[in-house]
Amino acid sequence: MDIKLQCENAVKELITLAKLKKGDIVVVGCSTSEVVGSKIGTNSDPDAAKYIFDGIYSVLKQNGIYLAVQCCEHLNRAIVTEREALPNAEIVNAIPQKKAGGSLATVAYNSFENPILVEEIKADAGLDIGDTFIGMHLKKVAVPVRLNVKQIGEAHLTCARVRPKFVGGSRAVYNEELL
């Protein structure tokens, strides 16, 4: 199966299982090195990044969901997204590059109509392609989501959604629709 199709299938399944809705934000961390079968951080691949971006972004956009892409550690895992997703955000000044930000962040920055870079975000769900550790960019409380799609290319895929914190004690009653 090709990378773009794997991404489309994964994000469609994530939208359904995480019950995402218009206006939500999905954060994606991705090692294109891992996708093409290399060790993370060693073989950044802009072509693979373009397939990944196209597969994920097209599905999210159709559903009115925003994409946020995590940069690599060379940009302190900053986030590339569209200004519309975070209209009042405090932006930071950097332009992702293949070796400082990563290929997927670079493709996102160059593809978004009005890209911004922010230090952090609190997303509603996420796809972690190649074990890049996106947890710092998810709202509390993150919950694993098990998809049928287990990898993108050669990279391990893990996903998460968020749910509101449980407050109260043994007498508390919870809204089942928020679980």
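Derivation of every value follows stated rules applied to the coordinates shown; laboratory data play no part. Being a predicted model, the structure only gives us computed values, none of them experimental.
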| note | Longest principal axis of the chain (C-alpha) makes with the long axis of helix 46-62 (C-alpha) an angle, in degrees to the nearest 10, of 30
| request: Rank Thr106, Thr32, Thr16 by mean-square fluctuation in a GNM of the chain with C-alpha springs under 10 angstrom and give only the top-ranked residue. | output: Thr16
| note | the chain, Gaussian network, Cα under 10 Å: of Ala94, Ala48, Ala78, the residue fluctuating most is Ala94
| Quick one: which of Lys19/Lys140; Lys50/Lys99; Lys98/Lys139; Lys61/Lys99; Lys4/Lys150; Lys21/Lys139 span more than 20 angstrom between C-alpha atoms? | Lys98/Lys139; Lys61/Lys99
| message | Along its three principal axes, how long is the chain when you only count alpha carbons? Whole Å, largest extent first please. | response | 53, 38, 28
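Per DSSP H run of at least 4 residues, take -39500 (n - 2.57); add these up for the chain, divide by its residues and hand me the 222 nm value, nearest 500 deg cm²/dmol.
-7500 deg cm²/dmol
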| said: I need the phi-derived Karplus couplings for segment 139-151: 6.51 cos²θ - 1.76 cosθ + 1.60, θ = phi - 60°, integer Hz, Gly and Pro marked x. | reply: 5, 7, 10, 7, 10, x, 10, 8, 9, 6, 7, 9, 8
| Can you give me the relative contact order of segment 31-179 as a percent, contacts being Cα pairs under 8 Å and 6 or more apart? | 22
| said: Whole-Hz ³J(HN,Hα) for each residue in segment 14-28, computed from phi via Karplus 6.51 cos²θ - 1.76 cosθ + 1.60 with θ = phi - 60°, x for glycine and proline: what do you get? | reply: 4, 4, 5, 5, 8, 6, 6, 10, 3, x, 5, 10, 10, 9, 10
